[in-house]
1. Which numbered condition trips up A:ALA82, out of (1) within 14 Å of another protein chain (Cβ to nearest Cβ); (2) buried (at least 20 other Cβ atoms within 10 Å of the Cβ)?
2. Looking only at the stretch B:124-133, which residues are surrounded by 15 or more Cβ atoms within 10 Å (Cβ to Cβ) and in contact with a helix residue (DSSP H, G or I) (Cβ under 8 Å, 6 or more places away or on another chain)?
3. State whether the residues of the stretch A:85-106 include one that is among the charged types (D, E, K, R), within 14 Å of chain B (Cβ to nearest Cβ) and in contact with an Asp or Glu (Cβ under 8 Å, 6 or more places away or on another chain).
4. Among the residues of the stretch A:106-121, how many are of a type in the set (Val, Ile, Thr) and free of Cβ contacts under 8 Å to residues at least 60 places away in the same chain?
5. Taking the stretch A:1-51 as the region of interest, how many residues are more than 14 Å from every other protein chain (Cβ to nearest Cβ), under 26 Å from the mean Cα position of the chain (by Cα) and of a type in the set (A, V, I, L, M)?
6. Residues to consider are B:VAL52, B:VAL22, B:VAL81; find the one that is more than 14 Å from every other protein chain (Cβ to nearest Cβ) and either of a type outside the set (S, T, N, Q) or open to solvent by less than 20 Å² (accessible area, probe 1.4 Å) (or both).
7. Only residues that are aliphatic (A, V, I, L, M) and surrounded by fewer than 18 Cβ atoms within 10 Å (Cβ to Cβ): list them for the stretch A:23-41, please.
8. Report yes if A:MET237 is more than 14 Å from chain B (Cβ to nearest Cβ), in contact with a Leu (Cβ under 9 Å, 6 or more places away or on another chain), at pLDDT below 90 and within 20 Å of A:MET119 (Cβ to Cβ), otherwise no.
Amino acid sequence: MKGLIIKDLMCLRKQLVIYLYVVVSALILSVMFVLSAKYGNIALGGQEMMQENGMTYTDIKNLSTWVLGIFLLLPIATVSDAATIFIEDGKAGFSMVSASLPLSVKQRILAKYLTVLTMFGISVATEIVIITVLSVLTDIVSFTQFFGMMFSCASLMSIYSALVIVFCFLYGHGKEDFAIISSVALMVFTAVLCNIRSFKQLFLAQSDTQSVQAFDAFIKFFQQKFYILFFFAILTMAVSYVVSVWIAGRKRGVI
Amino acid sequence: MQNVIELKHVTKEYGDFKLDDVSFSVPEGSVCGFIGQNGAGKTTTIKLLLDVIGMDSGEIYLFGQNIQNNSATLREDIGVVFDEMGFHEFMTGRDINIMMKNIYKNWDENVFFEYLKRFSLPSKKRCGDFSRGMRMKLQIAVALSHHAKLLVMDEPTSGLDPIVRNEMLQIFREFVVEEDHTILLSSHITGDLEKLADEVVFINGGKIILSGNKDEILEKHGLLKCKKQELSSIDASHIVSVQPGTFGVEVLVRDRQACKRQYPDMLIEPVSLEEIMLFYVNREAR
């Protein structure tokens, strides 16, 4: 099984290179951002916004937190493209080779999940380094809050990967794009459904204060309730694995 | 002698194709040629054998063990070669070695690199840049590097030039020198099988139409050449199929010696595997 994980990581070689660039870029940009927010133009801009637009310090802080959140999401998003493995396998016709190996269907599928988790492991480890650096440089967000945000991002992306894998098995080779679209659609639909009130508040807000409050709620959720997303990530991974094994059992020769 | 492969009444139905009640066995230490035209059901049978796809009914035994719930372990002793390479184009011989040594318990990297050297395959070159012959050789190197006891090959020689084909047949011959080594070789190039096989299994339209020892099959069958008018005098039980010939008709007969005794004035020649296949396929088509 280890061999298949190695093969999958080889399929993601290009992605790993891109990941390195993205990590370095994200680190540089976020460091520049926090330094500028402390000493530079962003700090001045923030002050002006408080004086002229009537924004509070918390609003500015939350805005900065969103920006930093996006910087943290970028590297994790780069490594979470499980569809690449399926595309590469499909191009090579690897399914026949894989089926002739001394591995059961369960092991072959587990290898895919372990590859994705390995990639997440790498990205989480790197992000911990980044957030340590950032938390030393800024007081906008503490290490715990950064950690919560990072964990929430990683959990969201692992939910996405788990869905992509199961849809790739369901649709078969050559339909990876549909798997990606289906996963995103399902995630957005579920997120809206679970947070219908917050989304309503966000989009139908009568005043700026209401929409800021809605944003605040999301930030707080990501920072403090990351364990909920983490729990759902584990649950989705487990369900996705069981469903994938079932699909692959019925469609033997597909993987 | 133990049968390494044994299929008993195996059926598999797709929408437009049915593998119907397939039964045959391959004894240990033999080379079995699995012959049939394209679409006859060779690849489907091989996929069933390897448990890549599930059968509808029947039983398959490998090394005397039922493949149900056992196939992954059994595949440890099987080397497989397909008509297409299946490895990712960016992979090099070294990459494949790293992958395989973490999959097969008995993977022997020294043997693998020796084969690469012997086949003149560069270990650092992407296999996507290999020619078809090189790709087949790479697959064979992989199949032979984990001390497999059974080689299952699906059309390994198709599309290769005669020199590379001969080279590969030589490798197969070397493989079966070991007493417990067995080969199942599917092909529609009967010439290769005539050189190599001990046993042959003919499949057509999803049904096994003939199986047994190759020499016995060649020895038994004969090509009787006669005038069209003489055809009615031949006992129908001897006839497999009839085809028009250059000066009359050609008849494939089941028992050459019996026919020679019964019809001493008629010309009865030995027949090749290809001719046997053609006559049987024509019979089925009628």
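The values are calculated or read from the model by the stated rules, or taken from the named source; none is laboratory data. This is a predicted model, so every value here is computed, not measured. Methodologically, a virtual Cβ is constructed for each residue, glycine included, from the backbone with ideal geometry; neighbour enumeration extends over all protein chains shown. These accessible areas exclude ligands, DNA and RNA; they are computed on the full protein's heavy atoms, side chains included. Shrake-Rupley method; radii C 1.70, N 1.55, O 1.52, S 1.80 Å.
1. Every condition holds for A:ALA82 apart from (1).
2. B:CYS127, B:PHE130, B:GLY133
3. Here is the first cut: in the stretch A:85-106, the residues among the charged types (D, E, K, R) are A:88-89, A:91, A:106.
Still in the running and within 14 Å of chain B (Cβ to nearest Cβ): A:88-89, A:91, A:106.
Keeping just the survivors that are in contact with an Asp or Glu (Cβ under 8 Å, 6 or more places away or on another chain) gives A:91.
Checking the stretch A:85-106: at least one residue is among the charged types (D, E, K, R), within 14 Å of chain B (Cβ to nearest Cβ) and in contact with an Asp or Glu (Cβ under 8 Å, 6 or more places away or on another chain).
4. So the first thing to find is which residues in the stretch A:106-121 are of a type in the set (Val, Ile, Thr), and the list is A:109, A:115-116, A:118.
After this cut, where a residue has to be free of Cβ contacts under 8 Å to residues at least 60 places away in the same chain as well, the list is A:116.
Number of matching residues: 1.
5. So the first thing to find is which residues in the stretch A:1-51 are more than 14 Å from every other protein chain (Cβ to nearest Cβ), and the list is A:18-51.
Checking the rest, the ones that are also under 26 Å from the mean Cα position of the chain (by Cα) come to A:18-35, A:37.
With of a type in the set (A, V, I, L, M) added as a condition, the list becomes A:18, A:20, A:22-24, A:26-29, A:31-32, A:34-35, A:37.
Counting residues in the stretch A:1-51 that are more than 14 Å from every other protein chain (Cβ to nearest Cβ), under 26 Å from the mean Cα position of the chain (by Cα) and of a type in the set (A, V, I, L, M) gives 14.
6. Details: B:VAL52 fails: more than 14 Å from every other protein chain (Cβ to nearest Cβ); B:VAL81 fails: more than 14 Å from every other protein chain (Cβ to nearest Cβ).
Matching residue, one of B:VAL52, B:VAL22, B:VAL81: B:VAL22.
7. We begin by selecting, within the stretch A:23-41, every residue aliphatic (A, V, I, L, M); these are A:23-24, A:26-29, A:31-32, A:34-35, A:37.
If the condition is that a residue be aliphatic (A, V, I, L, M) and surrounded by fewer than 18 Cβ atoms within 10 Å (Cβ to Cβ), then A:VAL24, A:ILE28, A:LEU29, A:VAL31, A:MET32, A:LEU35 are the ones that fit.
8. On the way: more than 14 Å from chain B (Cβ to nearest Cβ): yes; in contact with a Leu (Cβ under 9 Å, 6 or more places away or on another chain): yes; at pLDDT below 90: no; within 20 Å of A:MET119 (Cβ to Cβ): yes.
So A:MET237 does not fit the description; no.
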